[in-house]
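Undergrad: Sharing a structure here in structure tokens format.
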4 protein chains.
Amino acid sequence: MAVTRQVLDTMTVGIRPEVGSETLAAAIDAMLECEEAVNTCAAAMVTEDDVRELREAIIRDMNCADVVAVTRRVLTRANDTALLVAQLQACVAACEHSAELCGRHAGHHEHCRLCSQATRRCADACGQVLRDLPR
Amino acid sequence: MAVTRQVLDTMTVGIRPEVGSETLAAAIDAMLECEEAVNTCAAAMVTEDDVRELREAIIRDMNCADVVAVTRRVLTRANDTALLVAQLQACVAACEHSAELCGRHAGHHEHCRLCSQATRRCADACGQVLRDLPR
Amino acid sequence: MAVTRQVLDTMTVGIRPEVGSETLAAAIDAMLECEEAVNTCAAAMVTEDDVRELREAIIRDMNCADVVAVTRRVLTRANDTALLVAQLQACVAACEHSAELCGRHAGHHEHCRLCSQATRRCADACGQVLRDLPR
Amino acid sequence: MAVTRQVLDTMTVGIRPEVGSETLAAAIDAMLECEEAVNTCAAAMVTEDDVRELREAIIRDMNCADVVAVTRRVLTRANDTALLVAQLQACVAACEHSAELCGRHAGHHEHCRLCSQATRRCADACGQVLRDLPR
């Protein structure tokens, strides 16, 4: 979203200039899409007839939705690099673990296919921010 | 975001068909942009030199960020119309109250200008969903 | 928790003195217990063998957990009475709708029994704050 | 809270038996108290006359409130040890960073004193769970 970049550029504090505007906006956008995809997928899986086969994936989606949302807030505030590194690492784990299980159901559930794509993109975008942060 | 519409169309339960895909996707997108704008603005206001003049606006942004995020989750799950109506009404109030105060600081803080725009758009989009929901 | 009362008494702004310290602390404690009970119950239901019979209850617990958590934050900040009234009304709806469905499974799932008790207590405590707030 | 232990004992999956009931319930209770203390303190600091001296502490409290809340949800679901370890590490960082700054204001702001106590207790309780988890 063009808005993300515009909004983020009003923040002058924190992790800048280590993390560039484009990397930061790309991560935020990937997180927003991921949250929506994973919340939709969790609720859709609960309503499926084969819900018994999806139980582990539902819990992972619930974890992922929560962890990404909070990581996005910490990244948006952008002022505590040590915390941000730890939280981004948790976020990558949450996204990868969700993608792994939803990926197995991608063939027969469209919401799982979209969710596993969105969580993988989010993990990649968070990984990019992690690479740019000083440690 | 095109992704929002694609993801939401995998949900077949709940408030459909009363609320159309476009109205729903527009609301979700307005909420995502609003959350990011208002979280950015809250953190930016805290760091401003004139923070004493912004104190009430900060609290309203904090409330708004929380309420919009949860309303988006309830709207995404889309299966409890009575709860959704009540939560959307709270969301409209949170957005309007935030827009009112950040609007006063829009002239000298760019993040407040963008935030008040985003919260007004979000209030409008939630109002549109409310108009379509049966009561 | 004794701590809740002690912490809340450091806040001098906002909805005081309309809502007394005891009513406020009782509501916050009921919300904390409710959040934990409903998050536990949602995750436990997902893992049950009869998950297909629990699907609607799971979604309601997910909504309830989110709505109570945010209502508690708005109540803790205690400075926007109109928003607080709307958010508390949504919270009562979320708790009652969750209690209704988990109550049906209380006989065969202990987590549903504890959850339906906790959500009913939370709805009552929020109702008490609502009665004390000016409108 | 006695309720926490009772509720958690209905969960039979996940990180049990590595993490015992008492360690788990103690951590959940410490997190609930921490969330309430840190949300109260953040809002109280924003309203203080010396808010300019508290700006960094406010941002850290906002981060801490969000991170603890989500860590508690992941711990309650208790089924993804690798994610839980990463999220608990982020939680310890968030609590310690908040305690560090609020501790400096503990002499003149009672909410900062209570908050720094609660965040330290929470960091300790999360550290205990981390020591019990297999890695």
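The values are calculated or read from the model by the stated rules, or taken from the named source; none is laboratory data. As the structure is a computational prediction, the values presented were derived from the model and not from experiment. FYI the Cβ positions are ideal-geometry reconstructions off the backbone, even for glycines, and counts take in every protein chain you see. For accessibility, only protein heavy atoms count, side chains too; no ligands or nucleic acids. Shrake-Rupley method; radii C 1.70, N 1.55, O 1.52, S 1.80 Å.
Undergrad: Can you name the number of the only condition in (1) in contact with a helix residue (DSSP H, G or I) (Cβ under 8 Å, 6 or more places away or on another chain); (2) open to solvent by 20 Å² or more (accessible area, probe 1.4 Å) that A:E110 fails?
TA: (1)
Undergrad: While we're here: With the requirement that a residue be in a helix (DSSP H, G or I) and within 7 Å of chain C (Cβ to nearest Cβ), what does segment B:72-86 give you?
TA: Here is the first cut: in segment B:72-86, the ones in a helix (DSSP H, G or I) are B:72-77, B:81-86.
Correct list: B:R73, B:V74, B:R77, B:A82, B:L83, B:A86.
Undergrad: Separate question: From the list B:T119, B:T47, pick out the single residue that is touching a helix residue (DSSP H, G or I) at 6+ places or on another chain (Cβ under 8 Å), β-branched (V, I, T), at negative phi and modelled with pLDDT under 95.
TA: Values: B:T119 fails: modelled with pLDDT under 95.
Result of the check over B:T119, B:T47: B:T47.
Undergrad: Follow-up question, since we're still on this one. Which number in (1) away from chain B (no Cβ under 13 Å); (2) crowded, with 22+ Cβ neighbours inside 10 Å; (3) in contact (Cβ under 8 Å) with a residue 60 or more places away in the chain marks the one condition that A:E18 misses?
TA: (2)
Undergrad: To continue, here is another question. So, in segment D:70-86, exactly how many residues are more than 14 Å from the chain's Cα centre (by Cα) and closer than 18 Å to D:H97 by Cα?
TA: The total comes to 1.
Undergrad: Would you check if there is a residue in segment B:40-54 being open to solvent by less than 10 Å² (accessible area, probe 1.4 Å) and within 28 Å of B:R131 (Cα to Cα)? Spell out the reasoning first.
TA: Applying the first criterion (open to solvent by less than 10 Å² (accessible area, probe 1.4 Å)) to segment B:40-54 yields B:40-46, B:51, B:54.
Now narrow it down to the ones that are within 28 Å of B:R131 (Cα to Cα): none.
Within segment B:40-54 (the criterion being open to solvent by less than 10 Å² (accessible area, probe 1.4 Å) and within 28 Å of B:R131 (Cα to Cα)), the answer is no, since none of the residues qualifies.
Matching residues to (1) farther than 22 Å from C:E100 by Cβ; (2) modelled with pLDDT under 95; (3) more than 19 Å from the chain's Cα centre (by Cα):
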site: C:D9; (1), (2), (3): yes, yes, yes
site: C:G20; (1), (2), (3): yes, yes, no
site: C:A27; (1), (2), (3): no, no, no
site: C:E33; (1), (2), (3): no, no, no
site: C:A37; (1), (2), (3): no, no, no
site: C:R52; (1), (2), (3): no, no, yes
site: C:A57; (1), (2), (3): no, no, no
site: C:C64; (1), (2), (3): no, no, no
site: C:V68; (1), (2), (3): no, no, no
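Undergrad: Based on this model, can you work out whether A:T10 counts as of a type in the set (V, I, T), surrounded by fewer than 21 Cβ atoms within 10 Å (Cβ to Cβ) and more than 13 Å from chain B (Cβ to nearest Cβ)?
TA: No: the conditions fail for A:T10.
Undergrad: Right, something else. If we keep just the residues of segment C:87-108 that are outside any helix (DSSP H, G or I) and in contact with a Cys (Cβ under 8 Å, 6 or more places away or on another chain), which is nearest to C:E48 (Cα to Cα)? First the steps, then the outcome.
TA: Initial filter on segment C:87-108 (outside any helix (DSSP H, G or I)): C:105-108.
Narrowing the set further to residues that are in contact with a Cys (Cβ under 8 Å, 6 or more places away or on another chain) leaves C:105-106.
Details: C:H105: 12, C:A106: 14 Å.
Among those that are outside any helix (DSSP H, G or I) and in contact with a Cys (Cβ under 8 Å, 6 or more places away or on another chain), it is C:H105.
Undergrad: Counting only residues that are under 26 Å from A:H111 (Cβ atoms) and open to solvent by 10 Å² or more (accessible area, probe 1.4 Å), how many does segment B:79-102 have? Talk me through it step by step, then tell me what you get.
TA: The initial filter retains those residues of segment B:79-102 that are under 26 Å from A:H111 (Cβ atoms), namely B:79-85, B:87-88, B:91.
This time we only want the ones that are open to solvent by 10 Å² or more (accessible area, probe 1.4 Å), so: B:79-82, B:85.
Final tally of qualifying residues: 5.
Undergrad: All but one of (1) open to solvent by 30 Å² or more (accessible area, probe 1.4 Å); (2) part of a helix (DSSP H, G or I); (3) more than 24 Å from D:E22 (Cα to Cα); (4) among the small types (G, A, S) hold for D:A57; state the number of the condition that does not hold.
TA: (1)
Undergrad: Just checking, which of D:R60, D:R120, D:R113, D:R55 is closer than 14 Å to D:D29 by Cα and not polar (S, T, N, Q)? Talk me through it step by step, then tell me what you get.
TA: On the way: D:R60 fails: closer than 14 Å to D:D29 by Cα; D:R113 fails: closer than 14 Å to D:D29 by Cα; D:R55 fails: closer than 14 Å to D:D29 by Cα.
So the residue among D:R60, D:R120, D:R113, D:R55 that is closer than 14 Å to D:D29 by Cα and not polar (S, T, N, Q) is D:R120.
Undergrad: Out of D:A42, D:A123, D:A118, D:A69, report the one residue that is in a helix (DSSP H, G or I), touching an Asp or Glu at 6+ places or on another chain (Cβ under 6 Å), closer than 21 Å to C:D66 by Cβ and in contact (Cβ under 8 Å) with a residue 24 or more places away in the chain.
TA: D:A69
Undergrad: Next question, about the same structure. Does segment C:20-33 include one or more residues that are outside any helix (DSSP H, G or I) and within 30 Å of D:M45 (Cβ to Cβ)?
TA: Within segment C:20-33, the first condition is being outside any helix (DSSP H, G or I), and the residues that meet it are C:20.
The next check asks that each one be within 30 Å of D:M45 (Cβ to Cβ); those that pass are C:20.
Yes, there is a match, as at least one residue in segment C:20-33 is outside any helix (DSSP H, G or I) and within 30 Å of D:M45 (Cβ to Cβ).
Undergrad: Go through the residues of segment C:53-64 one by one and say whether even a single one is within 13 Å of chain D (Cβ to nearest Cβ) and free of Cβ contacts under 8 Å to residues at least 40 places away in the same chain.
TA: Scanning segment C:53-64 turns up at least one residue that is within 13 Å of chain D (Cβ to nearest Cβ) and free of Cβ contacts under 8 Å to residues at least 40 places away in the same chain.
Undergrad: Just for segment A:87-114: of the residues that are over 20 Å from D:A86 (Cα atoms) and of a type in the set (A, V, I, L, M), which one is nearest to the other protein chains (Cβ to nearest Cβ)? It would help to see each step written out before you state the result.
TA: Initial filter on segment A:87-114 (over 20 Å from D:A86 (Cα atoms)): A:102-114.
Still in the running and of a type in the set (A, V, I, L, M): A:106, A:114.
On the way: A:A106: 12, A:L114: 5 Å.
Filtering first and then ranking leaves A:L114.
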